[in-house]
Amino acid sequence: MSGKRIEFPKHLQKIRTLMPKLLNILEIGHEEEWYSFIWLEELKAINCVAAVNQSSSESMDRGLVLRVLIDGQNFERATNILSEESLITLTRDFRSELEMKFSKTTSKSYRPCSWKDEDRSLLGDDILDQIVGDTTSKTEVHFSPKCQHNPFDSKIEKLSEQCNSTRKEFLKSSKEIVEAHSEYKELADIKSMIRQNIVTHVFVDREKNMSQTLPITLAYTMGMTQTGQTARCISGGLGGLEIAKHSTEDKLEVTKRSLQLANAKKLIPGRYQVISGPDVTGVIAHEAFGHTQEGDTWMKGRSIAKGLHEAKTKVGNEQASIVNHPNMFSMEDFAYGSNGSYFFDHEGQLGRPQQILDKGILSTPMTDLTSSMRLNVPRTANGKRESWRRPLMTRQTNTYFTPGDKTVEELISMVKDGYLARWASGGMEDPKGGSLTAGTAYLEEIKEGKLTGEVYLGPSGGHVELSDPVFTLLDRIIAKSKSTNANDIPENKFGGCGKYHKEGVPAGCGGPYILWESINCG
Amino acid sequence: MSQSDQKTLILSQDKLLPNLRDALNKIKSKYGQQFYAWKLNVLHYESRQSLMICNDKNTLEQYQNRNVLDHSYQIVVYTNHSEPKLMGSSSFNIDPLNNLEDQIDKTYQNSLLVGNKPWKLPTKINKDYEKVLTCDPIIKDDLNSAHNNMISEINESISSLDGVKVNSLELYTNLQTTYFETSEGFNGQKDNSDIYFEMAIEKLPLPNTQEILKYKKAISIEDANLSSFIKETSDEAMSISETIVPKTSSNLNIIIDGEAISSLLTKLTGHLNAGREYEKSPFMKKGDSILSTDKISGSDSINLTLDPTTPVMALSTPFTSEGMSPVKANVIKDNIVTNQLIHERIAQYLSKEPNYILGNIILDLGDLSKTELIDSVEECIEILSFSSLLINPNTLTWSSEIKLGKMFKNGKLVSMVKGGVISGDIKINLTNFKLSNQEVKVNEIAGGFDEAKGYVGPSHMLIQSGIKVVGE
């Protein structure tokens, strides 16, 4: 992407300067037995909604975490009371408490990786370009993506103007469609929202002092019929306001599609040939061997994948390849990454891509520090937390199926009688039992290699669930669409993950259009 | 503010408040009538979080221990602006280390960008706030001890289990105090406690491909009753046998538990919110039937009350978000809506009388035990857990994969069920159902992907209408 990288926010410099001092207070003299780091996060959010009821909000949330790892146990103190005096007191008290608890330790401390020892081969230009000169443990290294509009200059006026104008334009368009088609009734409302989160992280341990600013910008517009059927479009990812723009196709989705859905047929439950679009493909990747390949799930004995990896069991066909890609800063024909991208994880591990499923064979899992140590497997940049208020776990970043060699038109032409599923609607997995379900808002009918224009809702009039045992599903990939991206990275959609049902974090997921031999749809 | 001050916390005496109040009034004076009103909220939240795994002998090991302290401030600024008159409102999370007036001024400017139909903020309370128990006194008294005692209880219970392997556990004990104040003279404080416990367990011998993952959410330690919960979850894990995928069917009988009933009815009562009428979303008003077709003969009926005063429940509160005193009322009687939920702002928009009804769902019990419900039909599947029960709040349709269930024929358990996608439409499902005569409580604190839920009612519901399943 053209544009400038965002500088480290000056208002955080004072506390950043304090962080190495806090680290010293916390671990000096205990380096042989303890490993500590200090984590600061700031979330600046602006939000605007244009709808029957308009709203706007602005917020700043800032919190700091003190982490100590002793004898395999992690202890944390987290607070948003950030005056120097109170932080020093908190740190001293925390150290005293741990000294009382661990007068003796049984194992040596974890040794963090220095800048000098980092393997730079998979870091990519976006990370390497920002590690300038001879970096030492005291060098303050800052990372950010390039943005055309500096997110710190974003004003709520601009957001308000943009979502009001989108709503007005889409409402006008939907009225024109209703006037031209007697079978449609006017929409109940169109709601347009823009949200920009600017997240800044600072990580300090005995080897590194680094920060990252991640602007996550989202435009979301939804049309709703008087009977409650909805269709939506989402634009955005890791970048400034310039990426929050809806296309003409998006406008048709919100206006014409929601009107169509009010009259949609109900699907007869059964097994059908299905093509999943990047949104639904991504949910399948995330659920199929995304959650199952999370290191903490392995560590707890809750994943079927550990045994399958050790036995080298094939769990899908030659087309079944899934990537975990934290440091993804461009995809398909977009010059920006998804909202799941970052430069380093919440434990200071630099991002590198990892193939978690290669032609049906499982790799070692994605890990955070704890699971990597306990499982004795390589560490990856997947330690994340919802916010400073919540615990850190192994989480997905961007999870996607690798592309294939067909065009979307070729895939559609291969379907005699089936459906296209483009818009995801939730998903869930069972990492122990190896089943998954991925929702899609509706299905588009394909007959004799062509889209008929008919749309179908679920058997009860809601969304459609696509569900199968994971192995069965991954063995039924017939073909995948190709990518135009120079690095073969397909589109990843703006998304989030709740690790079963809580701990919400940004998580991009995507992939090509995939033709599946059959999936249970209901 | 330190982590040990919680017992005596009076947020109206927060040190920042006089400055914040002064700054709000100063900016209000600066802009005159256009700055209509303000509201401020102070939140003090403490949490103890323990993540645990177990070894092969079911001995607990904590691998993550966290203490969290969150003390924060939020303001809302209301403006009257433009011609014809519009009303704006905007909220802002105050940074106590930055200039307060600048932040309030910015919120005022943001509020001017919002143009909603004007309404008058209430200046008089409808009735005095009732004293409502929203917090477990044991947790309020000493959060650390409460949390540590529960860890001991868990440890003891786990070590006595036989035939199962506990894989992981999580325990969060949370205590939150909130205070609000408005320029119109309202103020109030409440304490809320909550407990989240999660347990993943499987039947021995290993390896196997079935696991039970269960959650317990409660407001009080007594209601959480972790020992019982651990025992019940272990019993459930022990009962797992070979599973089958259900057969595809358009008219399946299912039995769901209190948690699922609570989820369905929370979405249903959402349609009674008069805000939906104003927003032109699908809604139900007084006199409407909650059913989309006629009730089937022999079916039970829904009789539902909302109660904001039930002790230690998730939706119990002494005041509404508008600062009014919430009202308990029956909202559905014999499947007919008896009251919409009408709060101040929407009442003015729709020219209706506000009634301030909200609270926990209290649902009348049925006549049959769970066993009698199972015996009353030739065949049914008891859903032990849905993979992910997604309910569309607008269409009231729902669907999920079956994570684990039990299939009964003529009252006898014939197999465990796993897989297959099940779906329904609440307005059709409630045309033919029966409720159990045993009472349960369900509590869910808002957060993550879930809205808050409070439910006191039957432990099980047999649904005999409008259930579709795709499986074998």
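The values are calculated or read from the model by the stated rules, or taken from the named source; none is laboratory data. Fair warning: this is a prediction, and the values are worked out from it, not measured in the lab. Note: ideal-geometry Cβ built from the backbone for every residue, glycine included; neighbour counts use all protein chains shown.
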- Is it fair to say residue A:207 is within 24 Å of the chain's Cα centre (by Cα) and surrounded by fewer than 22 Cβ atoms within 10 Å (Cβ to Cβ)? no
- Could you tell me whether the stretch A:21-38 includes any residue that is within 13 Å of chain B (Cβ to nearest Cβ), out of contact with any Pro (no Cβ under 6 Å at 6 or more places or on another chain) and farther than 30 Å from residue A:485 by Cβ? no
- Query: Is the stretch B:48-65 home to any residue that is under 19 Å from residue B:179 (Cα atoms) and at the interface with chain A (Cβ under 10 Å from one of its Cβ atoms)?
  - Reply: no
- Pairs where the first residue, in the stretch B:155-170, is more than 10 Å from every other protein chain (Cβ to nearest Cβ) and the second is among the basic types (Lys, Arg) and surrounded by fewer than 19 Cβ atoms within 10 Å (Cβ to Cβ), C-beta under 7 Å, 6+ apart: B:157/B:231
- Message: If the requirement is being β-branched (Val, Ile, Thr), at negative phi and more than 14 Å from every other protein chain (Cβ to nearest Cβ), which of these qualifies: A:304, A:356, A:284?
- Response: A:356
- Message: If I ask for residues that are of a type in the set (A, V, I, L, M), part of a strand (DSSP E or B) and surrounded by 24 or more Cβ atoms within 10 Å (Cβ to Cβ), which ones from the stretch A:417-469 would you list?
- Response: A:421, A:424, A:428, A:436, A:438, A:443, A:446, A:464, A:466
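For residues that are away from every other protein chain (no Cβ under 11 Å) and touching a Lys or Arg at 6+ places or on another chain (Cβ under 9 Å), scanning just the stretch A:418-439, find the one that is nearest to residue B:211 (Cα to Cα). Walk me through it before giving the result.
Within the stretch A:418-439, the subset away from every other protein chain (no Cβ under 11 Å) is A:418-424.
From the residues that got through so far, the ones that are touching a Lys or Arg at 6+ places or on another chain (Cβ under 9 Å) too are A:418, A:423-424.
Details: A:418: 34, A:423: 30, A:424: 27 Å.
The residue in question is A:424.
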- Item | Residue ID - nearest to the other protein chains (Cβ to nearest Cβ), chosen from residues in the stretch B:81-94 that are more than 19 Å from residue A:42 (Cβ to Cβ) and surrounded by 18 or more Cβ atoms within 10 Å (Cβ to Cβ) | B:90
- Item | Residue match in the stretch B:322-329 (condition: among the aliphatic types (A, V, I, L, M), surrounded by fewer than 19 Cβ atoms within 10 Å (Cβ to Cβ), modelled with pLDDT of 95 or more and closer than 28 Å to residue B:122 by Cβ) | yes
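Can you name every residue in the stretch B:384-413 that is more than 14 Å from chain A (Cβ to nearest Cβ) and either within 22 Å of the chain's Cα centre (by Cα) or assigned to a loop (DSSP other than H, G, I, E, B) (or both)? Steps first, please.
First pass over the stretch B:384-413, keeping only residues more than 14 Å from chain A (Cβ to nearest Cβ): B:406-413.
Hits for the stretch B:384-413 are B:410, B:411.
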- Message: So for the stretch B:11-19 (the condition being within 11 Å of chain A (Cβ to nearest Cβ), more than 30 Å from residue B:203 (Cα to Cα), crowded, with 16+ Cβ neighbours inside 10 Å and acidic (Asp, Glu)), does at least one residue qualify?
- Response: no
- Query: When the stretch B:360-381 is examined, which residues are found to be among the polar types (S, T, N, Q) and either free of Cβ contacts under 8 Å to residues at least 60 places away in the same chain or part of a loop (DSSP other than H, G, I, E, B) (or both)?
  - Reply: B:369, B:371, B:376
- Query: Would a scan of the stretch A:70-83 turn up a residue that is surrounded by 18 or more Cβ atoms within 10 Å (Cβ to Cβ), more than 7 Å from chain B (Cβ to nearest Cβ), assigned to a strand (DSSP E or B) and in contact with a Ser or Thr (Cβ under 9 Å, 6 or more places away or on another chain)?
  - Reply: yes
- From the option list A:267, A:241, A:261, single residue qualifying as away from every other protein chain (no Cβ under 14 Å) and touching a residue at least 12 places away in the same chain (Cβ under 8 Å) is A:241
- Item | Lone qualifier among B:231, B:214, B:247, B:190 - being under 27 Å from the mean Cα position of the chain (by Cα), among the charged types (D, E, K, R) and closer than 29 Å to residue B:465 by Cα | B:214
- Task: Please verify whether the stretch A:245-257 includes one or more residues that are under 24 Å from residue B:278 (Cα atoms), free of Cβ contacts under 8 Å to residues at least 40 places away in the same chain, away from chain B (no Cβ under 14 Å) and not in a loop (DSSP other than H, G, I, E, B).
- Result: no
- Reported set for the stretch A:118-158 where residues are buried (at least 19 other Cβ atoms within 10 Å of the Cβ), part of a helix (DSSP H, G or I) and modelled with pLDDT of 95 or more is A:126, A:127, A:151
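Results for (1) aromatic (Phe, Trp, Tyr); (2) part of a strand (DSSP E or B); (3) in contact with a strand residue (DSSP E or B) (Cβ under 8 Å, 6 or more places away or on another chain); (4) away from chain B (no Cβ under 14 Å), shown as yes or no for each residue.
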site	(1), (2), (3), (4)
A:174	no, no, yes, no
A:185	no, no, no, no
A:194	no, yes, yes, no
A:213	no, yes, yes, yes
A:218	no, yes, yes, yes
- Where residue A:169 falls short, out of the listed (1) free of Cβ contacts under 8 Å to residues at least 60 places away in the same chain; (2) part of a helix (DSSP H, G or I): (1)
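In the list B:121, B:175, B:143, B:112, which residue meets the criterion of being more than 28 Å from residue B:235 (Cβ to Cβ) and within 13 Å of chain A (Cβ to nearest Cβ)? Before the answer, list the steps.
On the way: B:121 fails: within 13 Å of chain A (Cβ to nearest Cβ); B:175 fails: within 13 Å of chain A (Cβ to nearest Cβ); B:143 fails: within 13 Å of chain A (Cβ to nearest Cβ).
Of the residues listed, the single one that is more than 28 Å from residue B:235 (Cβ to Cβ) and within 13 Å of chain A (Cβ to nearest Cβ) is B:112.
Report yes if residue B:97 is buried (at least 19 other Cβ atoms within 10 Å of the Cβ) and assigned by TED's automatic domain parsing to the domain that holds residue B:21, otherwise no.
Working: buried (at least 19 other Cβ atoms within 10 Å of the Cβ): no; assigned by TED's automatic domain parsing to the domain that holds residue B:21: yes.
For residue B:97, the condition - buried (at least 19 other Cβ atoms within 10 Å of the Cβ) and assigned by TED's automatic domain parsing to the domain that holds residue B:21 - is not met.
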- In the stretch B:395-444, what residues are surrounded by fewer than 23 Cβ atoms within 10 Å (Cβ to Cβ), of a type in the set (Ser, Thr, Tyr) and within 19 Å of residue B:472 (Cα to Cα)? B:415
- Task: State whether the residues of the stretch B:364-383 include one that is away from every other protein chain (no Cβ under 14 Å), surrounded by fewer than 19 Cβ atoms within 10 Å (Cβ to Cβ), aliphatic (A, V, I, L, M) and under 28 Å from residue B:274 (Cα atoms).
- Result: yes
- Query: Within the stretch A:13-35, can one find any residue that is surrounded by 21 or more Cβ atoms within 10 Å (Cβ to Cβ), among the small types (Gly, Ala, Ser) and at pLDDT 95 or above?
  - Reply: no
- Query: In the stretch A:39-48, which residue that is facing chain B (nearest Cβ under 9 Å) and crowded, with 21+ Cβ neighbours inside 10 Å is farthest from the chain's Cα centre (by Cα)?
  - Reply: A:48
- Sort through B:108, B:63 and tell me the only one that's in a strand (DSSP E or B) and either without any contact (Cβ under 8 Å) to a residue 60 or more places away in the chain or among the hydroxyl-bearing types (Ser, Thr, Tyr) (or both). B:63
